[in-house]
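Written out below as C-alpha cells is the structure these notes cover.
The values are calculated or read from the model by the stated rules, or taken from the named source; none is laboratory data. Computed from a prediction, not measured in an experiment: that's the story for all the values here. Heads up, the Cβs are rebuilt from the backbone with ideal geometry, glycines too, and the neighbour counts pull from every protein chain shown. These area figures cover heavy atoms from the full protein model, side chains too; ligands, DNA and RNA do not enter into them. Shrake-Rupley method; radii C 1.70, N 1.55, O 1.52, S 1.80 Å.
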Amino acid sequence: MTSFEEAETEETVTCLHLTFYHPGQEEKMMFRCLNFCKREQVRADDTAKFGRDSSVCRYNLMDTRVSRIQFSLQFYRKLHTSECGFEIKNLSKKTKLTVNQTELGHLNKIDLPWKCIISFGDYRILAEIQEGESMDYFETHLHLADAPILQERCLPCLPSLPSLQPIPENGISPSLFLPQGKSPTEIDENELY
C-alpha cells in the first residue's frame, strides 16, 4: 500500500460563520479587534464569549454600550446522535439578546438554529452553521457585512401560504374585477333582494 492509502481519513470540521453589522461600524470601529476572513480553531470544550472585556472574551467588541460579557456560544453533541450544535446564552444583565424572534434575558439560553440573526442593541450578527464531524474542535469564520443584515434576506423563506382572502361561493374572487386601490365593501346579504 502507498502512504496515501494508509493515511487516516480526514475529518471535516464544524464551522460557525458569523457576519457582523452595526450602523456605526465605519466611524466607531467597534469590530477592529475581530480577525475577519480567517478561520480560527476553537477547542470543543471552550466557550466562545463575545463582549468588551478582552481578559474574558475571545471575541472583543470595542464599544462601551456592549456588556463586559455579552453572550457565549457553546459547542455540544446532541444526545443519542452524532450531530453537533451550538447553544447561545445571554450573559448581559442589562441588554436582551434576540435570536431570530426569540428574546433571551440574562442567563437564558437556547439552541442556535442552523441559520439565524443574533441581535442586541444596534448589533446584527448573521450566524450560519456548516456541519462537520470533528468532536475535538470547531472553527469560527468571521465576516463583516457592508450593508444591513435583514431578516427577510437572510433567513430561509417559509413556504408561501395560500391567499387568506375569502372566496365567495361562486368561486370568483371580486378582487379580480376591482380597480387598483379599491377594496370590496361588505353588505348584508338581505340587502341584495
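Ranked from largest to smallest solvent-accessible area, with a 1.4 Å probe on the protein heavy atoms, SER67, SER54 come out as SER54, SER67. Placing a pseudo-label 7 Å from each Cα along the Cα-to-Cβ vector at ARG65 and PHE36 gives an inter-label distance of 1.9 nm.
Taking label points 7 Å from Cα along the Cα-to-Cβ direction, SER82 and LYS96 give a separation of 4.1 nm.
A straight Cα-to-Cα reach below 23 Å connects LYS115 with the lysines LYS38, LYS49, LYS78, LYS89, LYS96, residues fewer than 8 places away in its own chain not being considered. Sorted largest first by accessible area at a 1.4 angstrom probe radius, with every protein chain in place, the residues ASP146, ASP136, ASP53, ASP111 fall in the order ASP146, ASP136, ASP111, ASP53.
For the residues VAL13, VAL42, a 1.4 Å probe over the protein chains yields an accessible-area ranking, largest first, of VAL13, VAL42. For the range 49-77, backbone nitrogen atoms closer than 20 Å to the point 7 Å from ASN108 Cα along Cα-to-C-beta are found at 50-51, 66-74.
In the complete set of protein chains, residue-level accessible area for SER119 is approximately 20 Å², probe 1.4 angstrom.
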